[in-house]
Amino acid sequence: MDAIIKPRPTDEQSAIVNRVLTTNDNIIIWSLAGTGKTSTLEMIQAEIKVKPILYIVFNKKNADEALEKFPSTTTVVTINGLGHRIWMKTIPHGIKLDPKKSGTILKDIINAAPRNAQGPIWDVYWDVIQAVALAKSLGYVPEGRYPMAKRLITRESFHASLEETPDELVADLIDAVLFTSIKQSYDGYIDFNDQIYMPGLFGGAFPRYPLVKVDEAQDLNAINHEMLTQLGRNRLIAVGDPWQSIYQFRGAVQGGMEKIKSRFGMTKMELSISFRCPEAVVAAARWRVPQLKAFKPGGEYAVLNNLHIRDIPDGAAIICRNNAPLFKLALRLLSARRSVSVAGSDIGPKIIATMKKLGDGDMDQESLLLRIEDWRAEKVSKNSTTAADTAECMRVFASFGKTLAQAIGTAEHMFKQHGAIRLLTGHKSKGLEWDTVYHLDPWLIGDDEQEQNLRYVITTRSLNRLFEVNSAQIK
């Protein structure tokens, strides 16, 4: 699709640029889906005389795009990249980055444990690894050491935020991994989470810029907020969409943009004209954000009563609240010789590892389904918030194999695919866009704020055509 050429700045964009140039205000911009936040920041960049500028973006993709658009007087960096630089200047050692650091620490703990204690630790391996990652997002530091650290959450509150209530073994393992991880970080051995965790809570050599700009402000976690306090000593411009706040489950601050606005005494501005979504799609999103407007005419939005697999075009995205319906449809598409790509780099290994622990590879399908239900019930008894979807994912793979080994093989095959039709959850779709989007099983979206925000995110991924369809109506 040809790029839309905007003939001139909108009144909203002009008002924001004028505010930046004529005041010294800290400014926070409510930038709705596809409303040209990057082009607005480019307009500011072209007019403002302040140099140098620090621009903090959400991920490497955004950083690479911004580097092509902004001059060398602007330092473009992800929040992780910034933290990495700060910690590198803080400690006297070089830095080695290892994404598998927590796993290595936990494996060392297992190897050092008595043989009869190793099995129970292996059984909770993924629970501990995920909990350690969340601890580093929420700002949990175990008590007993490092009195100088800034602790943002208590042990009790941290445990309450986990997917399931940890027993004594898991709780102790989390603390042990964290203690070792902190010590190793001071020696220069870090993972991606440490890039934020260490400078944010343990101090660091923060740079000073006359102007700091930060993107995706709604997604910042509590430690990121602490880092902004260290960075925002002069002027701060933040951009985000409060209705795209969907990452509370991994540590993003609820109501984060309002809290940033209050913390830094910021003036609120708004971008409400979507250059991404055409009129029909914008109309479908106004139930959540009534002020959203469309720059492009036309488009298509429909609730489908039926859909044939052969009619799904290559290049389309199929987005769902949960993983299980996506996995089931992906396997059906593969059976129909369609080319698919399933986003599951995080959940895939966890599901496969869980299935391997259910029994021997020759376990028959009926026994496997019973074992999956036992696993689900056990997790639910520990207040797990993800057990139902995980169990349903395992049932999907079980239905495509006569034995556990075949079910695992099916899962491994599916996750290896890199094809033309993209299947992914709503959380993974944020920041992306496609000409044609199918919202699969929209009834799975819940009623709370984060869930309603998720529906808005899914709706606004479409550049042209948006369809809602239930799995049962796909033939």
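The values are calculated or read from the model by the stated rules, or taken from the named source; none is laboratory data. Fair warning: this is a prediction, and the values are worked out from it, not measured in the lab. Every residue, glycine among them, receives a Cβ derived from its backbone with ideal geometry; neighbour counts consider all protein chains shown.
I'd like the full set of residues that are among the charged types (D, E, K, R), within 19 Å of Gln254 (Cβ to Cβ) and in contact (Cβ under 8 Å) with a residue 40 or more places away in the chain, limited to the stretch 152-174. Lay out the reasoning, then the answer.
As a first pass, look at the stretch 152-174 and keep what is among the charged types (D, E, K, R): 155-156, 163-164, 167-168, 172.
Filter once more, so that each one left must be within 19 Å of Gln254 (Cβ to Cβ): 156, 163.
Selection gives Glu163 alone.
Which of the residues spanning the stretch 167-178 are closer than 19 Å to Gly139 by Cβ and crowded, with 18+ Cβ neighbours inside 10 Å?
From the stretch 167-178, those closer than 19 Å to Gly139 by Cβ are 171, 174-178; that's our starting set.
Within the stretch 167-178, Ala171, Ile174, Asp175, Val177, Leu178 qualify.
Quick test for you: out of Ile351, Ile408, pick the one residue that is under 22 Å from Val170 (Cβ atoms) and surrounded by 15 or more Cβ atoms within 10 Å (Cβ to Cβ).
On the way: Ile408 fails: under 22 Å from Val170 (Cβ atoms).
None of the other options fit; the residue is Ile351.
Of these, Asp98, Asp64, Asp123, which one is of a type in the set (Asp, Glu) and either touching an Asp or Glu at 6+ places or on another chain (Cβ under 7 Å) or modelled with pLDDT of 95 or more (or both)?
Working: Asp64 fails: either touching an Asp or Glu at 6+ places or on another chain (Cβ under 7 Å) or modelled with pLDDT of 95 or more (or both); Asp123 fails: either touching an Asp or Glu at 6+ places or on another chain (Cβ under 7 Å) or modelled with pLDDT of 95 or more (or both).
Of the residues listed, the single one that is of a type in the set (Asp, Glu) and either touching an Asp or Glu at 6+ places or on another chain (Cβ under 7 Å) or modelled with pLDDT of 95 or more (or both) is Asp98.
Output the residues belonging to the stretch 248-264 that are crowded, with 21+ Cβ neighbours inside 10 Å and part of a loop (DSSP other than H, G, I, E, B).
Selection gives Gly251, Val253.
Phe415 - would you say it is at pLDDT below 95, closer than 28 Å to Lys60 by Cα and among the aromatic types (Phe, Trp, Tyr)?
Details: at pLDDT below 95: yes; closer than 28 Å to Lys60 by Cα: yes; among the aromatic types (Phe, Trp, Tyr): yes.
Criteria met by Phe415.
Can you pull out the residues in the stretch 299-309 that are within 14 Å of Thr436 (Cα to Cα) and in a loop (DSSP other than H, G, I, E, B)?
Gly299, Leu304
So in the stretch 418-448, with the set limited to residues that are at pLDDT below 95 and among the acidic types (Asp, Glu), which one is surrounded by the fewest Cβ atoms within 10 Å (Cβ to Cβ)?
Looking at the filtered set, the residue picked out is Asp447.
May I ask you to verify whether Ser137 is surrounded by fewer than 18 Cβ atoms within 10 Å (Cβ to Cβ) and in a helix (DSSP H, G or I)? Let's see the steps before the verdict.
Values: surrounded by fewer than 18 Cβ atoms within 10 Å (Cβ to Cβ): no; in a helix (DSSP H, G or I): yes.
Answer is no for this residue.
Output yes when any residue across the stretch 404-414 is among the hydrophobic types (A, V, I, L, M, F, W, C), within 15 Å of Tyr301 (Cα to Cα) and in contact with a strand residue (DSSP E or B) (Cβ under 8 Å, 6 or more places away or on another chain), and no when none is. Steps first, answer last, please.
To start, the set of residues in the stretch 404-414 that are among the hydrophobic types (A, V, I, L, M, F, W, C) comprises 404-405, 407-408, 411, 414.
From what is left, the residues that are within 15 Å of Tyr301 (Cα to Cα) are none.
Scanning the stretch 404-414, I find no residue that is among the hydrophobic types (A, V, I, L, M, F, W, C), within 15 Å of Tyr301 (Cα to Cα) and in contact with a strand residue (DSSP E or B) (Cβ under 8 Å, 6 or more places away or on another chain), so the answer is no.
If I ask for residues that are among the aromatic types (Phe, Trp, Tyr) and within 22 Å of Glu279 (Cα to Cα), which ones from the stretch 414-442 would you list? Talk me through it step by step, then tell me what you get.
From the stretch 414-442, those among the aromatic types (Phe, Trp, Tyr) are 415, 434, 438; that's our starting set.
Within the stretch 414-442, Trp434, Tyr438 meet the criteria.
Looking at this structure, is Lys183 assigned to a helix (DSSP H, G or I), free of Cβ contacts under 8 Å to residues at least 24 places away in the same chain, out of contact with any strand residue (DSSP E or B) (no Cβ under 8 Å at 6 or more places or on another chain) and not hydroxyl-bearing (Ser, Thr, Tyr)?
Working: assigned to a helix (DSSP H, G or I): yes; free of Cβ contacts under 8 Å to residues at least 24 places away in the same chain: yes; out of contact with any strand residue (DSSP E or B) (no Cβ under 8 Å at 6 or more places or on another chain): yes; not hydroxyl-bearing (Ser, Thr, Tyr): yes.
Spelling it out, Lys183 is indeed assigned to a helix (DSSP H, G or I), free of Cβ contacts under 8 Å to residues at least 24 places away in the same chain, out of contact with any strand residue (DSSP E or B) (no Cβ under 8 Å at 6 or more places or on another chain) and not hydroxyl-bearing (Ser, Thr, Tyr).
Would you check which residues across the stretch 265-285 are assigned to a loop (DSSP other than H, G, I, E, B) and surrounded by fewer than 15 Cβ atoms within 10 Å (Cβ to Cβ) and list them?
Start the filter on the stretch 265-285 by keeping residues that are assigned to a loop (DSSP other than H, G, I, E, B), which leaves 265-266, 272.
If the condition is that a residue be assigned to a loop (DSSP other than H, G, I, E, B) and surrounded by fewer than 15 Cβ atoms within 10 Å (Cβ to Cβ), then Gly265 is the only one that fits.
May I ask you to verify whether Asn111 is outside any loop (DSSP other than H, G, I, E, B), within 21 Å of Tyr209 (Cβ to Cβ) and either out of contact with any strand residue (DSSP E or B) (no Cβ under 9 Å at 6 or more places or on another chain) or at pLDDT below 95 (or both)? Write out each step before concluding.
On the way: outside any loop (DSSP other than H, G, I, E, B): yes; within 21 Å of Tyr209 (Cβ to Cβ): no; either out of contact with any strand residue (DSSP E or B) (no Cβ under 9 Å at 6 or more places or on another chain) or at pLDDT below 95 (or both): yes.
Spelling it out, it is not the case that Asn111 is outside any loop (DSSP other than H, G, I, E, B), within 21 Å of Tyr209 (Cβ to Cβ) and either out of contact with any strand residue (DSSP E or B) (no Cβ under 9 Å at 6 or more places or on another chain) or at pLDDT below 95 (or both).
Within the stretch 192-247, restricting attention to residues that are without any contact (Cβ under 8 Å) to a residue 60 or more places away in the chain and not in a loop (DSSP other than H, G, I, E, B), which residue is surrounded by the most Cβ atoms within 10 Å (Cβ to Cβ)? Before you say what the answer is, go through the steps one by one.
Start the filter on the stretch 192-247 by keeping residues that are without any contact (Cβ under 8 Å) to a residue 60 or more places away in the chain, which leaves 202, 208, 218, 225, 228-230, 233-234.
Subsequent filtering for residues that are not in a loop (DSSP other than H, G, I, E, B) retains 202, 218, 225, 228-230.
Details: Phe202: 19, Gln218: 25, His225: 18, Leu228: 21, Thr229: 14, Gln230: 16.
If we take residues in the stretch 192-247 being without any contact (Cβ under 8 Å) to a residue 60 or more places away in the chain and not in a loop (DSSP other than H, G, I, E, B), then Gln218 is surrounded by the most Cβ atoms within 10 Å (Cβ to Cβ).
Taking into account only those residues within the stretch 144-166 that are in a loop (DSSP other than H, G, I, E, B) and surrounded by fewer than 12 Cβ atoms within 10 Å (Cβ to Cβ), which is modelled with the highest pLDDT?
Taking the stretch 144-166 first, the residues in a loop (DSSP other than H, G, I, E, B) are 144-154, 162-166.
Filter again for surrounded by fewer than 12 Cβ atoms within 10 Å (Cβ to Cβ), leaving 144, 147-148, 154.
Values: Gly144: 90, Pro147: 93, Met148: 92, Thr154: 96.
In this case the residue turns out to be Thr154.
Restricting to the stretch 284-326, what's the tally of residues that are among the small types (Gly, Ala, Ser) and either touching a Lys or Arg at 6+ places or on another chain (Cβ under 6 Å) or under 15 Å from Ser471 (Cα atoms) (or both)?
Our first condition is that a residue be among the small types (Gly, Ala, Ser); within the stretch 284-326, this holds for 284-285, 294, 298-299, 302, 315-317, 324.
With the extra rule that they be either touching a Lys or Arg at 6+ places or on another chain (Cβ under 6 Å) or under 15 Å from Ser471 (Cα atoms) (or both), the set shrinks to 317, 324.
Total satisfying the criteria: 2.
Take the conditions in contact with an Asp or Glu (Cβ under 6 Å, 6 or more places away or on another chain) and farther than 19 Å from Gly200 by Cβ and apply them to Val128. Does it pass? Spell out the reasoning first.
Details: in contact with an Asp or Glu (Cβ under 6 Å, 6 or more places away or on another chain): no; farther than 19 Å from Gly200 by Cβ: yes.
It is false that Val128 is in contact with an Asp or Glu (Cβ under 6 Å, 6 or more places away or on another chain) and farther than 19 Å from Gly200 by Cβ.
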